[in-house]
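> Provided herewith is a single structure, encoded as structure tokens, for subsequent inquiry.
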Amino acid sequence: MENVEERESVVKDGARGEARAEFRDAAAEAEPDAVRGRRGALSSVADRGTAYLAAGALAVGLLMGWLQFSTDSICCGDFDGYYHARWSQLLWQGTLAGDFTPEFKWLPLTTLNPRDYVDHHYLFHLLQAPFVSLGETGAGRRLASVIEVAPDALGPKISAWLFASLALFACFWLVVRHRLRYPVVWLVALLGCSAPFLFRMNMTKAMSVALALLVVGIHLLFRRKYVWLLPLAFLFTLAYDMFVLLGAAAAVWTAAVLWAERRFEWRPIVFVAVGVVAGTVINPYFPDNVRLLYEHVAMKATRQGFKTAVGNEWYPYESWDFLRNCAVAFAAMLAGYIAFDPKERSRSARPLFFLVFSTVLLVANARWRRFAEYWPPFAVLFAAFSVDAALTHTRAAFDGLRERTRAETWRFAAAVVAAVALCVPVGVYLIAETEEIADSAPHADYKEGAEWMRRNVPAGEVVFNTDWDDFPKLFYYDPTHAYVSGLDPTYLYDRDAGLSKLYDDITLGRERDPGPLIRQRFGARYVFTDNEEVHDQFYVNARDSGWFDRVYADDSCTVLRIRDEKGEPFAEEEHEPEGAGDGDEEPGGAPEQ
């Protein structure tokens with residue numbers, strides 16, 4: 001009986017399917033010309049959208065590629081990309097071996113010690129891992145030779161280029177996907193929105209992935225596909241600790257809907273909150289990730305100034321530099337404010353969202369430079385959505401076809417002029433950032449000094465690095481040793497404020513006899529110092545104290561060894577620049593891979 005019923009069901013379903021097909025065919029034959037014309041128009045719009053996206057992808061890829069490969073180093077400015085590249089490799093190797101949280105033993109005196117270490121970029125590092133070793137392949141070595149970069153730098157640079165291009169392209173995709181007028185204008189504005197934005201997007205860091213995820217989240221909010229915010233928030237939380245921006249976006253959208261539609265839309269906040277909690281708890285570093293995130297935010301956000309020197313990204317720009325380097329973003333904000341019409345409540349949810357969201361990011365960027373990768377593109381999107389809403393409203397005000405056609409002609413002409421005018425800041429910023437990125441420290445800096453330590457300093461020893469900012473490159477080239485401070489000086493300060501103050505006093509030359517303090521308080525017998533002017537006084541103190549031998553020196557760095565007993569100051573000519581101490585110490589073993 002069951003088989004008979006199944007066969008009857010299949011027959012009925014087939015008959016219904018044939019009937020529906022016949023109905024569609026008949027409807028198509030009877031379809032009025034006007035309806036077919038509208039469908040043709042929609043198809044034309046889709047074709048134009050595809051063409052815009054293709055052109056945008058090409059423009060974004062070329063611009064980001066030009067900037068990324070204007071230097072041979074893992075881009076750019078600071079050395080953090082070197083840490084991300086090396087740790088991605090070690091994390092992936094550990095994951096393949098079944099260890100999802102390999103021990104991080106390179107900063108034992110900080111809150112990133114082996115017991116407390118937390119990777120707040122966990123998913124980003126896994127995404128980057130497949131790229132890191134591209135230069136080891138035959139094709140990778142040939143490509144590296146053609147574009148004149150070191151093979152080991154090729155993979156990290158390709159990943160940085162790809163993620164940065166995806167982030168900027170996602171912003172343009174939002175414009176095209178929501179069928180805003182004059183997308184070419186907004187594309188050019190995005191390309192030239194800010195010089196710091198172009199610079200920071202090219203860093204080998206997680207912010208480009210965060211920006212792309214944030215744009216996807218905003219699209220889901222606009223399309224009201226709220227349930228998909230849960231898995232997105234989960235991935236965002238695993239990828240980067242700036243997931244708070246997605247939560248802020250959900251809250252702003254809820255407020256915008258409440259204002260425009262007079263109803264409380266609770267689902268965005270709930271789904272994002274659940275996703276964040278899931279990403280926090282279903283996390284290989286839980287519960288330490290909660291503690292470290294709280295401590296890090298509290299150190300940065302609640303104190304007036306900083307108790308120790310931190311990276312430039314945590315300080316504000318000079319006002320004139322901020323305005324000059326973000327002129328297009330400021331102009332976009334002004335255009336958005338002017339175009340926004342609060343009286344059009346029913347059509348203002350999206351423009352209002354960008355008004356509030358971009359304004360909050362502007363305030364944050366004015367306080368902290370690190371928001372330069374978020375505010376400028378959202379300023380352009382604010383202008384795009386506000387201006388498009390204003391154009392829709394004014395178009396409906398024209399009664400006749402002739403008046404509308406004339407107005408559209410003038411608007412198109414204005415859009416062409418705007419696109420051409422925007423090419424000027426794009427060119428200016430492109431030239432400026434090309435020069436700035438090209439001026440980055442060469443990839444080979446510290447390499448020979450780190451390799452000397454790897455060969456001559458016993459593996460596992462703590463090396464006193466005089467600049468916390470040098471740690472990523474030391475970790476990249478010499479992962480056989482631990483270091484005193486790195487990634488952020490607040491990690492040392494948070495673990496031991498007294499030790500952090502002593503570190504500052506020694507490295508800035510305020511301690512005249514640093515040798516015994518380094519051995520007793522930091523447990524280090526070797527000192528790595530870059531040849532920067534800021535450490536000149538430390539070097540003079542170390543030389544004159546009689547506690548040090550200079551065992552390696554080159555144009556970029558110096559390695560000092562602390563003596564067992566105080567003696568005469570070392571002579572500057574004792575060692576040649578290439579390092580005459582090779583092989584004098586106990587071998588340090590092969591480098592970790």
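> Can you pull out the residues in region 212-241 that are closer than 19 Å to Phe357 by Cβ, of a type in the set (Ser, Thr, Tyr) and either under 20 Å from the mean Cα position of the chain (by Cα) or not in a helix (DSSP H, G or I) (or both)?
Tyr240
> Only residues that are more than 21 Å from Val360 (Cα to Cα) and in a helix (DSSP H, G or I): list them for region 242-275, please.
Once the filter is applied, which keeps residues that are more than 21 Å from Val360 (Cα to Cα) and in a helix (DSSP H, G or I), region 242-275 yields Glu261, Arg267, Val270, Phe271, Val274, Gly275.
> A further question on this structure: How many residues are hydrophobic (A, V, I, L, M, F, W, C) and within 18 Å of Gln89 (Cα to Cα) when one looks only at region 447-494?
The number of residues fulfilling the criteria is 5.
> When the residues of region 104-128 are narrowed to those that are open to solvent by 10 Å² or more (accessible area, probe 1.4 Å) and not in a loop (DSSP other than H, G, I, E, B), which ends up nearest to Leu499 (Cα to Cα)?
So, considering only residues that are open to solvent by 10 Å² or more (accessible area, probe 1.4 Å) and not in a loop (DSSP other than H, G, I, E, B), the one nearest to Leu499 (Cα to Cα) is Tyr122.
> Please find, among Gly486, Gly449, Gly523, Gly498, the residue that is more than 19 Å from Thr111 (Cβ to Cβ) and of a type outside the set (Asp, Glu).
After applying the criteria, what remains is Gly449.
> Take the residues in region 471-502 that are in a helix (DSSP H, G or I) and aromatic (Phe, Trp, Tyr); name whichever of them is surrounded by the fewest Cβ atoms within 10 Å (Cβ to Cβ).
Out of the qualifying residues, it is Tyr477.
> Considering only residues that are of a type in the set (Asp, Glu), within 24 Å of Leu292 (Cβ to Cβ) and touching a Leu at 6+ places or on another chain (Cβ under 9 Å), which ones fall in region 495-513?
If the condition is that a residue be of a type in the set (Asp, Glu), within 24 Å of Leu292 (Cβ to Cβ) and touching a Leu at 6+ places or on another chain (Cβ under 9 Å), then Asp496 is the only one that fits.
> Please count how many residues of region 268-291 are at pLDDT below 95, more than 22 Å from Thr95 (Cα to Cα) and touching a helix residue (DSSP H, G or I) at 6+ places or on another chain (Cβ under 6 Å).
0
Table: residues versus (1) assigned to a loop (DSSP other than H, G, I, E, B); (2) open to solvent by 50 Å² or more (accessible area, probe 1.4 Å); (3) at pLDDT 90 or above.
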| position | (1), (2), (3) |
| --- | --- |
| Val35 | no, no, no |
| Arg39 | no, yes, no |
| Leu42 | no, yes, no |
| Leu58 | no, yes, yes |
| Met64 | no, no, yes |
| Leu67 | no, no, yes |
| Asp72 | yes, yes, yes |
| Cys76 | yes, no, no |
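> Give me the pairs, please: first residue somewhere in region 411-422 and farther than 9 Å from Val184 by Cβ, second residue anywhere and in a helix (DSSP H, G or I) and open to solvent by 60 Å² or more (accessible area, probe 1.4 Å), beta-carbon distance under 8 Å, and either six or more positions apart or on two chains.
Pairs found: none.
> Against the conditions (1) part of a loop (DSSP other than H, G, I, E, B); (2) within 25 Å of the chain's Cα centre (by Cα), where does Pro458 fall short? Just the number, please.
(2)
> Test of understanding: among Asp116, Asp80, which residue is in contact (Cβ under 8 Å) with a residue 40 or more places away in the chain, under 28 Å from Phe197 (Cβ atoms) and acidic (Asp, Glu)?
Exactly one residue qualifies, and that residue is Asp80.
> Which residue is nearest to Pro514 (Cα to Cα), if the candidates are limited to region 534-576 and must be part of a loop (DSSP other than H, G, I, E, B) and not charged (D, E, K, R)?
Residue satisfying both the conditions and the ranking: Trp547.
> Please go through region 483-522 and pick out each residue that is touching a strand residue (DSSP E or B) at 6+ places or on another chain (Cβ under 8 Å) and of a type in the set (D, E, K, R).
Arg519
> Within the group Val387, Val363, which residue is of a type in the set (A, V, I, L, M), under 28 Å from Ser319 (Cβ atoms) and free of Cβ contacts under 8 Å to residues at least 12 places away in the same chain?
Val363
> I need a count of the residues in region 421-449 that are assigned to a loop (DSSP other than H, G, I, E, B), of a type outside the set (A, V, I, L, M) and open to solvent by 30 Å² or more (accessible area, probe 1.4 Å).
So the count comes out to 3.
The values are calculated or read from the model by the stated rules, or taken from the named source; none is laboratory data. Only a predicted model underlies this, so the values are computations on that prediction, with no experimental measurement involved. Every residue, glycine among them, receives a Cβ derived from its backbone with ideal geometry; neighbour counts consider all protein chains shown. For the accessible areas, the whole protein counts, side chains as well, though only heavy atoms, and no ligand, DNA or RNA atoms are used. Shrake-Rupley method; radii C 1.70, N 1.55, O 1.52, S 1.80 Å.
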